[in-house]
1. Specify the longest stretch of the chain that does not include any exposed loop site, a site being one of the chymotrypsin sites (Phe, Trp or Tyr not before Pro) with a non-H, G, I, E, B DSSP assignment and at most 12 other Cβ atoms within 10 Å.
2. Kindly provide the trypsin sites (Lys or Arg not before Pro) of the range 60-153 that DSSP labels as loop, not H, G, I, E or B, and whose Cβ sees at most 12 other Cβ atoms within 10 Å.
3. Springs between alpha-carbon pairs under 10 angstrom, Gaussian network model over the chain: which of Asp119, Asp95, Asp161 fluctuates most?
4. Identify the residues of the range 1-21 with backbone N under 16 Å of a label point that sits 7 angstrom from the Cα of Leu62 along the Cα-to-Cβ direction, or state none.
5. Using the basic label-point model (7 angstrom from Cα toward the beta carbon), what is the Glu160 to Tyr70 distance in nanometres?
6. Given 0.36 nm per residue, what is the gain on full extension from Lys52 to Lys202 after removing their alpha carbon distance, in nm?
7. For Kirkwood radius over Cα pairs in Å, the choices are (i) 17.8; (ii) 19.8; (iii) 16.8; which was calculated from the structure?
8. Under a point spin-label approximation (7 Å from Cα along Cα-to-Cβ), what is the Gln172-Ile42 distance to one decimal in nm?
Amino acid sequence: MKVLRLELYQQTACYKKPLAFKVAETYPLPPHSTVKGMLHAILEAKELIPMKISIQGNYDTLVTDYQTHYFFKSNKTEEFALTTAGLGIEREFKDITTMPIYSHMLYDVNLIIHVDAADDVLEKLEKRIQEGNIHLSLGRWEDLVRIDACECVELVEAMEDLILENSAFIPQDMLAANRLAHFPYSLNWTYRIIQGVRVWDKLQVGYVQAGVDTSISCEELWLDPHGDGVFFAQPSE
């Protein structure tokens, strides 16, 4: 199986949980839909491109940032949020309000991403990334990404159980029979519009920390040439 392997680095990142409002909590790794969005931006895609993604990585620590967030009371206002702090100028808003919010951020983040897609998609991704003339972020707009490695590799079936060197999102069906300690997540993947409402297809995965013996049977486990496991998640039926 041919896949694209990426090594990414971010000094800080917040992969905000969708229902975290008063405190911007972050996932420990970027969710699949966030990575998919970055890859589609690289491809300048106008429609959904079928692909599967495996995500693993680590970070040094989690820090908390105290931020002022601006909220618009109306979508037809001509006001705009421009801070004048320190300029001696007082601005009064009618349609904008503010609220201080704690934002969690991961520090010193290293990621390994595997992408399975059609050969022409992988080749285009590899070419555009290696051209290096695009700005990339993963998470928030300001969470810049440095790409340390980009290559197409062939996966091989593992001949023995794997000891994780990086924490990873692993599909629940791979974990179920192995009784591994993990934190379960139901992650957004793609959505459909049903009667005007956005309905998400979910990925059922578990966050497994590095160093844990996965004990996954060889038939289910794929390795890249660097010895890293690959864990493609599929949406639940």
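1. 142-237
2. For trypsin sites (Lys or Arg not before Pro) across the range 60-153 that sit outside H, G, I, E and B with at most 12 neighbouring Cβ atoms in 10 Å, the list reads Lys73, Lys76, Arg91, Lys94.
3. Among Asp119, Asp95, Asp161, the largest GNM mean-square fluctuation belongs to Asp95.
4. Label zone hits: 12-21.
5. With each label point 7 Å from Cα toward Cβ, the separation is 5.9 nm.
6. That pair, Lys52 and Lys202, stretches by 52.7 nm at full extension.
7. Entry (ii).
8. About 2.9 nm, to one decimal.
The values are calculated or read from the model by the stated rules, or taken from the named source; none is laboratory data. Treat the numbers as computed from the prediction; the structure is a model and nothing was measured. Positions of Cβ are backbone-derived with ideal geometry, glycine not excepted, and every protein chain shown enters the neighbour counts. To get the accessible areas, we keep the full protein, side chains included, count just its heavy atoms, and leave off ligands, DNA and RNA. Shrake-Rupley method; radii C 1.70, N 1.55, O 1.52, S 1.80 Å.
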